[in-house]
Structure formats: structure tokens, C-alpha cells
1. Can you spot a residue in the range B:424-439 that is away from chain A (no Cβ under 14 Å) and surrounded by fewer than 17 Cβ atoms within 10 Å (Cβ to Cβ)?
2. Just a yes or no: is a residue in the range B:34-48 more than 13 Å from the ligand (Cβ to nearest atom) and among the charged types (D, E, K, R)?
3. Has the range B:49-60 got at least one residue that is modelled with pLDDT under 95 and among the hydrophobic types (A, V, I, L, M, F, W, C)?
4. Restricting to the range B:208-244, give me the number of residues that are surrounded by 17 or more Cβ atoms within 10 Å (Cβ to Cβ) and under 28 Å from B:Gln105 (Cα atoms).
5. If you take the residues in the range A:85-100 that are part of a loop (DSSP other than H, G, I, E, B) and within 14 Å of chain B (Cβ to nearest Cβ), which one is surrounded by the most Cβ atoms within 10 Å (Cβ to Cβ)?
6. If you scan the range B:357-372, which residues turn out to be within 12 Å of chain A (Cβ to nearest Cβ) and surrounded by 24 or more Cβ atoms within 10 Å (Cβ to Cβ)?
7. Whether any residue in the range B:158-168 is out of contact with any Cys (no Cβ under 6 Å at 6 or more places or on another chain) and surrounded by fewer than 24 Cβ atoms within 10 Å (Cβ to Cβ) is what I want to check.
Amino acid sequence: MENAFGQPQSVVVLGGTSDIADALVGELVAARARTVILAGRNPETLAAAAERAATAGATTTATVVFDAADPSNAEATVRACFDAAQTPVDLVVVAVGYLGDQLADEVDPLAAAHVATVNYTWPVAALAALTPRMLQQGTGRILVITSVAGIRVRRGSYLYGSAKAGLDRHCEGMADALLGTGVTVQILRPGFVHTKMTEGMKAAPFAVDAQRVARDTVAGLASSSRVIYSPSIMKWLFGLLRHLPAGLWRALNESR
Amino acid sequence: MRESLWGWGRTSPSVADVVTPDSETTVLDALQSAVTVVPRGLGRSYGDAAQVAGGLVLRNDAFRDISPIGDDGVVTVGAGVSIDDIIRRGLPDGWFVPVTPGTRQVTVGGAIAADVHGKNHHVDGSFASHVRSLRLLTPTGPLHCSPHENEDVFWATMGGMGLTGFVVNATIQLIPVVSDRVIVDTVRHANIDDVMADMLANDHRYRYSVSWVDCMSKGRSMGRGIITRGDHDPSPSPEKTPPRRARLSVPFSAPNGILNSLSIRAFNEGWFRKAPRHRIGEYQTLGTFFHPLDGVQDWNRLYGSRGFVQYQFAVPDAAGDTVRAAIELLSSSGVPSFLAVLKRFGDGNPGSLSFPIPGWTLALDLPVGPSALPGVLDQLDQLVAAAGGRIYLAKDSRLDPDLFREMYPRVDDFLAVKRRVDPHNVMVSDLSRRIGLIN
Ligand SMILES: Cc1cc2nc3c(=O)[nH]c(=O)nc-3n(C[C@H](O)[C@H](O)[C@H](O)COP(=O)(O)OP(=O)(O)OC[C@H]3O[C@@H](n4cnc5c(N)ncnc54)[C@H](O)[C@@H]3O)c2cc1C
């Protein structure tokens, strides 16, 4: 069971090899998490992440392998995670994400669809698989990692940004739908984070590392706010940027 | 009916089927057919004791009978009868409850399950000391329990947090009073050392004693406090009027953050200055003395949607320093906390999960929000455990399972009884899962 500070004892991560998820699991295990189930694509990286969780103090760890290219495996993946947990799952983190190569993908139908599938369609399928299980538990949180890139979509990453935007809005609706059920949906909208995914990219202003995002997330779980920004200045920044005239927004992004 | 439930601190809600059984048969049926079940009273425990996510919650509301009060003050009351109900019934005839928590709005079922204590613990012990017997419905059937009959079940149930069975009714011993007033002495001290020294020296002269301590003041005034002590007025009052019902209420949840370091510091300051330096023999009503918070209904909503936690620990007499260290840690961490309640505890009882141990107990309310708070409380837990102390489960909403075991060394006695009366662990709560007691 989670405690009054939203610190979970059992955690399932879908996309368990993401750097943000990895840092978050570190923070959660340092608090109360003892059961950690990690699902992802690469068995070796997963096993290494599970090993880190165990070393840090998790007593039950397991890994589940899946590929988010195929939404038809979402149900089986979620089931395998819940079976492995063996206790009610306090927190599910949906951390699946794939940036792709915008310029190449935007003219390649299958590649473009793949970005949409991994960032939107698979997570949506997984959320549908999660919902009845969480409802039956009568408790639990779902934390979905989207991005500020979905608040105002950029020319340089609109495939990724639009899919994250879709997922983000999906979760807003879902959060409303689940009010009063004991199940909470929270959205994490990080800004630019230095991770494997953004390696080699030019950092945006207010770039942070995964540790920082993890700490902000822990605070967000405690406060139960529906949307968690990291760093928190993103809330105000994108509150402004989303209303910027299109020309100015373009110019701003080209100058970077 | 699926319903979302939480404790008084309004943290960690969970959803369960909630029913109000009105006969022993319906309770027994529920205990035998449900997958997980827990009883619930008035929901005044602060955390997650009276809820079980995805399970079945049995409200005790329907068990509201009060027998005629015997000439010796013995009465049999349903588990859903509140302390308030008993006072209303008994006081006009000169009977008062032997132990009352800081609110009258708790049920007898809840008082037994938490083995509650009042301001008179150092003299009269906890609620269990005044329970003659009780009727318990367990998953393996009904049982009559007392200190002489099924005594192991009796003592597992006292403080057993509703996990041994559903209490139907209890026979308790009331105390005689001749007035509806309390005579109170108040004294103000500049720091925690003076408060504790005075309590050690003088508490035994009073039936009731409690101190309010400021955990936000620093330096030489760290832990400054006000001791109020008293006893029932021995001169008869013409009428014995039960306490007034709440006249104010907080109609909806306040915005988060209203209760912050600044506002709480200001409140504590005002409270301290308002108190007389030294006043003897003041008359107070029972309500003012015992249940000052009951004047405002739903005051917990002031803490906003994030809610708050109450942290209450007890440490043995020899660990008086731990009280000081705890206040020091709190005051230096800067987390906002309302005036803490400091009390002396007398002897404990054979209840395997009963909270009180002879020594000190400190309780404080802390709004959820400051990011340092979870870590500060974890540090306090370490101090408390190292001193041979423990956290009060009825107030808890965040204790670590490993430390729970360390703090309650008789947990195996409890589990032995539990296995007998509930071999399939049907009776489970969010609390019992969270602290790893019953999963
Ligand atoms: C303002 C305030 C002040 C307080 N001051 C004090 C104090 O000074 N001293 C103190 O000791 N406590 C104090 N408390 C805590 C309170 O006394 C306990 O939490 C008490 O258990 C609450 O009773 P309840 O009827 O609300 O029970 P609930 O909170 O609904 O339930 C508490 C426990 O009782 C069990 N239970 C309820 N009914 C039954 C039943 N019929 N059979 C078996 N188990 C049952 C539940 O399963 C649960 O484990 C205070 C609480 C508040 C809000």
C-alpha cells in the first residue's frame, strides 16, 4: 500500500529502461518500494536495472520483455507485470517513449506511424489493460510520462510531440473518468532532460538531469497534483509559450 | 456500495464495498464469504486503519444499543456507540467515561481496536483497563472475551486494529462524577526541559494532565509549552449538562498551503501568549477541557486536499532525551507543525499491539507538502525505535514495515492468536498491508 506521502511499496514500470524511470525507481526504493517490476524491450538493460533496484533494497524484482511497436501485446504485458508483483500494485509508471529521427521519419509512412505507435498507441492500449485491474484493487496510481513537447509542438520533433500531446490529453480525460475510484492518474511533463534519448541533441533552456526529474516526481506524487512539471518552471514557461504567435514560436525554435 | 474511504488525515483514499450490517448473522456471513474485510467506526483514526482497498468494509453504526447503567457504573454498549453517546446518556446520572481521547466522536469499537488513551493514562491506564468483557465475531465464529475468558483473544483485540474480529458490544466500567466541570491548573514554561521537569515532578498529583508544546520555536525557547492539569470538580453542580455539539464547521476543503510555516508559527505564538503564566483552580466545562477540537466540525478540511499526518510516538521513561531530540529535529528542519501534545504514560497492558508503554508520548499534526517531511519523519522513527519506543498505529499513515516489527516486539503473540481466529487472513486493512502485519 502507498503511504500518506504517495510513496509506493510496489511499482510496475512500463518502459523500465528509460533513464527517467530508472532514476525514479532509485528514489522510490530509497523510500518504501520493495517490489519492483520492470517491463521493456531490451532484456539485458532490464536485468541490469532490476539488479540496481535489488541492490538498493527491493526484495521482489522481476522483468517482463515486450516491444511497444505492437499494441496487441499490451494486455499480456500488463498481466505479466501484475502477476509478477503478487501484491496490489501501488504505482504504475508508463515511461515508454521513442524520439525517432524527425526529418527522416516525417516522409516515411511506416517510420512515422512507428513513432505514433510507441508514444501513443501502445501506451493507450496499456492504459486500457491497466484500468480494470487498478479499479478492482480499489487503489493505486498511474503515472504517465508525456513531455512539454506535447504542449507546444515543434517543427523539429512534431512526430514525437504530437504523439505525446495525444497521450497527455488522453490521460487528462482518464484522470477525470477515474475520480472517486481510488485510482489516480498523474501526468509527468518533463522539459529537456539529459538522457540516452536526447544524447547528442542541443539542450533546451532549463535542461535538467533524470535525477532531478525523479525528485520532482516524488514531490508530485506526495502532492497528488494531476500534472507534474520538471523542472517546475516549465509550468510557467509553457503556459506562456503555448500562446506565442506562430511566427515567433517558429523563429524561436529556428534560432536554437 | 463502492465507496471511497480515508482516515481523519485525508491521505491515501481507497475504494471498497461498504455495508452497515445490522445483525450478528450478517456480520458472520460477511466474515465467512468476503475475501478481505475490516470493521469501521467513525473514521477518526488518522491513516488507513479502517479501510481495505478492493475489499469489504463493515461499518459498526447499527450496533448502537446502550444497556441501563448499573448502580456500580457498569454498562454494556454496542460497538457503534460513541464516547459522545455514552457521556450524553451517563452524565445526567453522574457517570462519565473512564478514558476519553481528544475527540468524543469515536466509537467503542474504535476505542477498543486502538486501545485508546486519554489525559489520565498515567493514573488510569488505557481503555482496555476498563473493559470487563466483550463479544467478538471472528471468521471462525463468535467469542465471549474478557481478561479471564479467551484472554489471549481479548488482549489481541485490545489494540488489535480491528484485525481479530468484529466487536459487537462491550461491557465497560464508568466512573462516578458529581459535576459537569473540571478544575484546571495551567502553567506556562519557556522551554521543553522545564515542561518535562514539571511533568515528572507534579503529574502524579493530578488525574488528568497534558502539555501543549511548540515544536517550531528555536533556541532557548525550543519546546516551550503549556501544561494543563485537573480533575473533576468534587462539589456537586446543580445540573450535569453534556458537552455542546459543534457549532462551527468547515464546509469544504481549504486551498492547499493555507496552513504553512508562517500561519502555523503565528498560531503557535498566539496560543502561547494567550495562556496564563500560572493559574490555579479554573473551572472548565468537560467539553473545553477534554475535547477542545470538537467545537469545530470537519476541521481536518483546513489542511486542504493533500491532507495531513499525525505523528505520535511513545518512548520509555529512560528515553526522555529522545523527546528532546525529536523536538530539536523538528524545530531545526523547519517543517510546520501545530502545537504538539506531550503526555506521560503509566503502565502498559498485556495487549500485544497496544500502544502505551510507561514514559512519554508526543503527538503532532503536520500538513503534507514540505518535501523534507517524509525524510524527517523517517529519521524520527529511527530515534524512536532506537530508544525502544513505538509509533501509534491509530495515527500512523507512513511507518516502514521493518521498523514496525522492531517497535512492536510482541507481534508474534498477536499473529498466533490471529491464526487461530482468522486462519485465512480475511481480516485485512490497508494499514495491516502497509506495515506488513497482515497481507
Ligand atoms: C481529534 C482527534 C483526537 C484524538 N485523540 C486521541 C487521544 O487523545 N488518544 C487516543 O488514543 N486516540 C486519539 N485519537 C484517535 C482515535 O481515538 C482512534 O483512532 C479511534 O480508534 C477512532 O475510533 P473510530 O470509531 O473513529 O474508529 P475508526 O477510525 O473508524 O477505526 C479505527 C479502528 O477500529 C477498528 N474498529 C472499528 N469498529 C470496530 C468493531 N466494531 N470491531 C472491531 N474493530 C473495529 C477499525 O477496524 C480500525 O482498525 C484522536 C483522533 C482524533 C481525530
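The values are calculated or read from the model by the stated rules, or taken from the named source; none is laboratory data. Keep in mind the model is a prediction, meaning the values are calculated, not measured. When we count neighbours, we look across all protein chains shown, and the Cβ atoms used for this are built from the backbone with ideal geometry, even at glycine. Surface areas here come from the heavy atoms of the whole protein model, side chains and all, with no ligands, DNA or RNA. Shrake-Rupley method; radii C 1.70, N 1.55, O 1.52, S 1.80 Å.
1. Here is the first cut: in the range B:424-439, the residues away from chain A (no Cβ under 14 Å) are B:424, B:426-427.
Cutting the leftovers down to surrounded by fewer than 17 Cβ atoms within 10 Å (Cβ to Cβ) gives us B:424.
Yes: the range B:424-439 contains one or more residues that are away from chain A (no Cβ under 14 Å) and surrounded by fewer than 17 Cβ atoms within 10 Å (Cβ to Cβ).
2. Our first condition is that a residue be more than 13 Å from the ligand (Cβ to nearest atom); within the range B:34-48, this holds for B:34-35.
Keeping just the survivors that are among the charged types (D, E, K, R) gives none.
No, the range B:34-48 contains no residue that is more than 13 Å from the ligand (Cβ to nearest atom) and among the charged types (D, E, K, R).
3. If we filter the range B:49-60 for residues that are modelled with pLDDT under 95, which is where we start, we get none.
Checked against the condition, which is being modelled with pLDDT under 95 and among the hydrophobic types (A, V, I, L, M, F, W, C), the range B:49-60 yields no hits at all.
4. At the first step, the residues of the range B:208-244 found to be surrounded by 17 or more Cβ atoms within 10 Å (Cβ to Cβ) are B:208-217, B:222-233, B:240, B:242-243.
Among the residues that remain, those that are also under 28 Å from B:Gln105 (Cα atoms) are: B:208-215, B:225-233, B:240, B:242-243.
Qualifying residue count, the range B:208-244: 20.
5. Residues of the range A:85-100 that are part of a loop (DSSP other than H, G, I, E, B), as a first pass: A:86-90, A:95-100.
Filter once more, so that each one left must be within 14 Å of chain B (Cβ to nearest Cβ): A:86-90.
Values: A:Gln86: 13, A:Thr87: 15, A:Pro88: 24, A:Val89: 26, A:Asp90: 28.
Checked the range A:85-100; the qualifying residue surrounded by the most Cβ atoms within 10 Å (Cβ to Cβ) is A:Asp90.
6. B:Leu366, B:Pro367, B:Val368 - these are the residues of the range B:357-372 that are within 12 Å of chain A (Cβ to nearest Cβ) and surrounded by 24 or more Cβ atoms within 10 Å (Cβ to Cβ).
7. Taking the range B:158-168 first, the residues out of contact with any Cys (no Cβ under 6 Å at 6 or more places or on another chain) are B:158-168.
Among the residues that remain, those that are also surrounded by fewer than 24 Cβ atoms within 10 Å (Cβ to Cβ) are: B:168.
Yes, that holds for at least one residue.
A quick yes/no check of all residues on (1) surrounded by 14 or more Cβ atoms within 10 Å (Cβ to Cβ); (2) closer than 22 Å to B:Phe308 by Cβ; (3) modelled with pLDDT of 90 or more:
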position: B:Ala246; (1), (2), (3): yes, yes, no
position: B:Ser249; (1), (2), (3): no, yes, no
position: B:Ile258; (1), (2), (3): no, yes, no
position: B:Leu262; (1), (2), (3): no, yes, no
position: B:Ala266; (1), (2), (3): no, yes, no
position: B:Trp271; (1), (2), (3): yes, yes, no
position: B:Lys274; (1), (2), (3): no, no, no
position: B:Ile280; (1), (2), (3): no, no, yes
